[in-house]
């Protein structure tokens with residue numbers, strides 16, 4: 001069985017969100033794109049679905065949270081090196097993300113955080129492969 005992970009994120013401006021994710025270096029899968037949603041490829045088997053708030057509200061009976069005001073989840077991804085962590089976080093901020101205040105700097109680990117234009121929190125971390133040997 002092949003496992004797929006897809007994180008649905010509500011967005012207020014789909015075009016702005018797509019542009020910010022592309023600026024970070026992620027690819028939009030045009031097969032999964034219309035006026036209300038866009039599929040973003042993070043890695044093989046890992047995707048983000050950017051859903052307009054109106055579409056996202058159709059999938060839940062709960063109120064869709066404003067990620068600028070609340071925190072429910074931090075989406076964390078790994079990077080191959082500390083330099084790759086910094087490059088991705090810097091690209092995100094240059095594309096309009098808010099720099100995070102939580103950074104990881106401990107022996108064997110380097111990480112940075114940011115919030116996308118809709119307030120969704122992301123973490124990027126490199127862990128030395130020998131750390132958990």
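Is one or more of the residues making up region 108-116 more than 17 Å from the chain's Cα centre (by Cα), surrounded by 14 or more Cβ atoms within 10 Å (Cβ to Cβ) and not in a strand (DSSP E or B)? Can you show your working first?
Initial filter on region 108-116 (more than 17 Å from the chain's Cα centre (by Cα)): 108-110.
Subset that is surrounded by 14 or more Cβ atoms within 10 Å (Cβ to Cβ): 109-110.
Filter once more, keeping what is not in a strand (DSSP E or B): none.
There is no residue in region 108-116 that is more than 17 Å from the chain's Cα centre (by Cα), surrounded by 14 or more Cβ atoms within 10 Å (Cβ to Cβ) and not in a strand (DSSP E or B).
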Does residue 28 meet the test of being modelled with pLDDT of 95 or more, over 21 Å from residue 127 (Cα atoms), assigned to a strand (DSSP E or B) and in contact with a strand residue (DSSP E or B) (Cβ under 9 Å, 6 or more places away or on another chain)? yes
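Residue-wise test of (1) in contact (Cβ under 8 Å) with a residue 40 or more places away in the chain; (2) within 20 Å of residue 94 (Cα to Cα).
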position: 21; (1), (2): yes, yes
position: 60; (1), (2): no, no
position: 63; (1), (2): no, no
position: 73; (1), (2): yes, no
Taking region 22-59, which residues are surrounded by 14 or more Cβ atoms within 10 Å (Cβ to Cβ) and over 24 Å from residue 78 (Cβ atoms)? 33, 36, 37, 51, 52, 53, 55, 56, 57
Do you know which of the residues in region 1-21 that are in contact with a strand residue (DSSP E or B) (Cβ under 6 Å, 6 or more places away or on another chain) and part of a helix (DSSP H, G or I) is surrounded by the fewest Cβ atoms within 10 Å (Cβ to Cβ)? 18
Selection from region 61-74 of residues that are assigned to a loop (DSSP other than H, G, I, E, B) and either in contact with a strand residue (DSSP E or B) (Cβ under 8 Å, 6 or more places away or on another chain) or surrounded by 12 or more Cβ atoms within 10 Å (Cβ to Cβ) (or both): 64, 65, 66, 67, 68, 71, 73
Would you please list the contacts, defined by Cβ atoms under 6 Å and residues six or more apart or on different chains, that run from a residue in region 86-112 that is at positive phi and modelled with pLDDT of 90 or more to a residue that is surrounded by 15 or more Cβ atoms within 10 Å (Cβ to Cβ) and in a helix (DSSP H, G or I)? 96/20
Out of (1) touching a helix residue (DSSP H, G or I) at 6+ places or on another chain (Cβ under 7 Å); (2) assigned to a strand (DSSP E or B); (3) under 23 Å from residue 10 (Cα atoms), the odd one out for residue 47 is which? (1)
Please find, among 45, 39, the residue that is under 15 Å from the mean Cα position of the chain (by Cα) and on the phi > 0 side of the Ramachandran plot. 45
How about region 75-85: which of its residues are part of a helix (DSSP H, G or I) and in contact (Cβ under 8 Å) with a residue 12 or more places away in the chain? 82, 84, 85
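The values are calculated or read from the model by the stated rules, or taken from the named source; none is laboratory data. Just so it is clear, the structure is predicted and the values come from calculations on it, not from any experiment. Heads up, the Cβs are rebuilt from the backbone with ideal geometry, glycines too, and the neighbour counts pull from every protein chain shown.
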